[in-house]
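The values are calculated or read from the model by the stated rules, or taken from the named source; none is laboratory data. Note that the structure is predicted; figures quoted are calculated from it, not measured. Because the Cβ atoms are built from the backbone with ideal geometry, glycine has one as well, and the counts that use them run over all protein chains shown. All accessible areas refer to the heavy atoms of the entire protein, side chains included, with ligands and DNA or RNA removed. Shrake-Rupley method; radii C 1.70, N 1.55, O 1.52, S 1.80 Å.
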Amino acid sequence: MAGFLVLVAVGLMGLCMNGSWGVEAGQKAPRRIHTLFSVECQNYFDWQTVGLMHSYKKAGQPGPITRLLSCTDDEKKKYKGMHLAPTFEVPSMSRHPETGDWYPAINKPAGVVHWLKHSKEAENVDWVLILDADMIIRGPIVPWELGAEKGKPVAAYYGYLVGCDNILSQLHTKHPDLCDKVGGLLAMHMDDLRALAPMWLSKTEEVREDRAHWTTNITGDIYGKGWISEMYGYSFGAAEVGLQHKINDNLMIYPGYTPREGVVPILFHYGLPFSVGNWSFSKLDHHEDGIVYDCGRLFPEPPYPKEVKLMESDPNKRRALLLNLECINTLNEGLLLQHAANGCPKPKWSKYLSFLKSKTFAELTRPKQLTPATLQFEKAVHFYLSGQPGNITRLLSCTDEDLKQYTGHDLAPTHYVPSMSRHPLTGDWYPAINKPAAVLHWLNHANTDAEYIVILDADMILRGPITPWEFKAARGRPVSTPYDYLIGCDNELANLHTRHPEACDKVGGVIIMHIDDLRKFALLWLHKTEEVRADTAHYATNITGDIYESGWISEMYGYSFGAAELKLRHQISSEILIYPGYAPQPGVRYRVFHYGLEYKVGNWSFDKANWRNVDVVNKCWGQFPDPPDPSTLDQTDKNKLQTDLLSIECIKTLNEALRLHHERRNCPDPNSLSNSNSDAAEEVVVSRKFGKLDASHVVGSNRAEMNHSQEISEPTLTDGLFSSVRFWVVALWVFCGLGFLTVASVLFSGRRGKGKRGKSYRIKRRNSGSGFMDINGRDRHLRGGEVPL
């Protein structure tokens, strides 16, 4: 498979609009989780089992856990670690029963297949978490909280599985476009595992036997010995059964690596050596180590956290070192407890043992919770729904001032680029130039192994995968969609701005281009955009097709003229993109909605321009107006019906993404909104009933101001939390005042009544009570008047 990447350029009007696409919300019940890990009857796996089991309990991982134990008959006779974990024994396939090949890693898929077929507990499982033994759990790993869905498992990224992008995947799966470079942490629905497991095993056998393609340049295996055949077996097997992974590179971390800011990994994978100062640890140094059964012996004592804080001043590097300590210390804590369970005598006191038992260490290793940054996937929500293979990158153009205030960093995997909205040389204000400028910056500053690049606009919705081979893209032959209004390709504009006007293609929107072509082309794209933008003498509609005659589409001509300079002739396809509201061609399965223009269904309409200053992302439960119900549409005109159904699909996909985002943000139940928000809620609901929300009404009375003002009020649907807090603050304030006045009244009455306590004293007591009632009455009056704090 040819690897490729999707680029989305954003930052129009020079603004970084706040907000973030959420990942898909968790599934509703049932939610029975089971954790699996596979090992063999060896000391090497026993100490790993102790570490994993200890962290499983310490982290509060929900659901049962099962160790899939592969032993030969001879190994089982001598094995003494049956008590280390809940265990399901599976036949050893280390020596393949048919080929005789020695490959212990095959026991992982073989063990899963055996467990599914023969274990009673497998009959009562909805979700499965598959880990490796050399892992430490830091916090609860709940599949639906990670965003896993049926058909869409969550997995960690294994970028070195380059075989997904070359001949290896083409040889071993009918769907190389679905091959994901994943492994390590696997969270999936039980139905998916049942479909996958037999294919995982057979593909492992298949890749293992394909010795002709074990070389490093094909597999990424530095030893070239086929050792990672099982990993490819998983990826190819998943591709065969159509699983599309949600790839998360934040959940799992190798000790020694530095997590991104804001990311809290919930899983250590100590498969590689790591160090802290002069101290180091490598699991391979303990391959035959019987440390589990050697009373009082732990792995070498690492430095203490206080020492690390003195050792490293850089906060990011210091954080990485502290994670290293947490990993090895959790392993040693597990060994210490296992020794006690084995009946070992109490170890002698030492500073290190005291530290492992201290409140300080308990606090450092308390269960970790997921953060929004940790949950960020490698692809955006609609990107997943489409089944688009490869990775996605948002090219974000921001000024320094915009970036300081921007809060949408978790919207998508992002490459930050300097804003050219205001041209640094000419001072011209033209935000559209950020698109070619950002692509050029990305090419010069990012590393990619992608062979093809797909370039989209942000106002697009993916409906299905866009692959270069399906649309016949090739080196020197990019693919794009028709933009027939670019009439400048046929007149003097092309003659002025390219040496090869005959090679000018009227294209745009979706671009599929070989990386080599893009590297040659990007600078020309930028230069030609600047050139056309500066040619104000030829802005006229009859020359450019721009009805506003403002030079706004200079970037589009920059693309066409730049491509013409290199004689890049496009394969033009009208079957990739459709504008909602346009009539579809019969039988065409469009891959992209481009909602750049207003579109209507009956009395309902949507125009993205009306929502420029409306924040539907950060306001809980904000969304766009609901379209009409499809069942209410006129069924007689089939062409009109298909047009309307596509329009409804586009807006419903946008609204569904917003709903999932609000759920992920833990927005309060919309049914619990306080009465103080009922008017705003009613206004939005009423507008939806009429099928259209007039942006001029909710944003401001002057529609012209909407495009220019940054301070126009926005329609909001407040979540009710603030108003509830305000109510109770007012109530508490009034209560305290009442209490003070009551006490003062009692004391005052007491002083006046000193000495003689007869009838007059009882009257005064009654009067003081009536005074209290008066105060309550005044409180009711104040509440009725809503006196502000």
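So here's what we get for this one:
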{"read-out": "Contacts under 6 angstrom Cβ, first residue in segment 158-185 being assigned to a loop (DSSP other than H, G, I, E, B), partner basic (Lys, Arg), 6 or more apart", "value": "Tyr158/Lys181; Gly159/Lys181; Leu161/Lys181"}
{"read-out": "Condition broken by Asn316, with the remaining ones in (1) within 27 Å of Val50 (Cα to Cα); (2) open to solvent by 30 Å² or more (accessible area, probe 1.4 Å) satisfied", "value": "(1)"}
{"read-out": "Only one of Ala437, Ala450 that is closer than 18 Å to Thr529 by Cβ and either crowded, with 20+ Cβ neighbours inside 10 Å or in contact with a Leu (Cβ under 9 Å, 6 or more places away or on another chain) (or both)", "value": "Ala437"}
{"read-out": "Members of segment 486-500 found to be surrounded by 19 or more Cβ atoms within 10 Å (Cβ to Cβ) and part of a helix (DSSP H, G or I), listed by number", "value": "Gly488, Cys489, Leu493, Ala494, His497"}
{"read-out": "Ala473 vs. criteria among the aliphatic types (A, V, I, L, M), over 17 Å from Asp535 (Cα atoms), touching a helix residue (DSSP H, G or I) at 6+ places or on another chain (Cβ under 9 Å) and open to solvent by 10 Å² or more (accessible area, probe 1.4 Å)", "value": "no"}
{"read-out": "Of all residues in segment 206-220 being charged (D, E, K, R) and surrounded by fewer than 21 Cβ atoms within 10 Å (Cβ to Cβ), the one that is farthest from Pro153 (Cα to Cα)", "value": "Arg211"}
{"read-out": "Unmet criterion (only one of (1) open to solvent by 10 Å² or more (accessible area, probe 1.4 Å); (2) in contact with a helix residue (DSSP H, G or I) (Cβ under 6 Å, 6 or more places away or on another chain); (3) modelled with pLDDT under 95) for Val308", "value": "(1)"}
{"read-out": "Only listed residue being of a type outside the set (A, V, I, L, M), touching a helix residue (DSSP H, G or I) at 6+ places or on another chain (Cβ under 8 Å) and free of Cβ contacts under 8 Å to residues at least 24 places away in the same chain, chosen from Pro97, Pro91, Pro109", "value": "Pro91"}
{"read-out": "Residue count, segment 249-276 (criterion: in a loop (DSSP other than H, G, I, E, B) and either free of Cβ contacts under 8 Å to residues at least 40 places away in the same chain or within 20 Å of Gly147 (Cβ to Cβ) (or both))", "value": "13"}
{"read-out": "Residue match in segment 404-426 (condition: surrounded by fewer than 18 Cβ atoms within 10 Å (Cβ to Cβ) and acidic (Asp, Glu))", "value": "no"}
{"read-out": "Extreme residue, most open to solvent (accessible area, probe 1.4 Å), among residues of segment 508-547 that are part of a loop (DSSP other than H, G, I, E, B) and not aromatic (Phe, Trp, Tyr)", "value": "Ile547"}
{"read-out": "Cβ pairs under 6 Å, 6+ apart, first in segment 384-395 and in a loop (DSSP other than H, G, I, E, B), second at pLDDT 80 or above and surrounded by 22 or more Cβ atoms within 10 Å (Cβ to Cβ)", "value": "Gln388/Leu462"}
{"read-out": "Residue within segment 465-481 that is assigned to a loop (DSSP other than H, G, I, E, B) and under 30 Å from Glu261 (Cβ atoms) present", "value": "no"}
{"read-out": "Cβ-Cβ under 6 Å pairs, at least 6 apart or on other chains, segment 612-637 side open to solvent by less than 80 Å² (accessible area, probe 1.4 Å), far side assigned to a loop (DSSP other than H, G, I, E, B) and β-branched (Val, Ile, Thr)", "value": "Asn613/Ile712; Lys619/Thr716; Gly622/Val616; Gln623/Val616"}
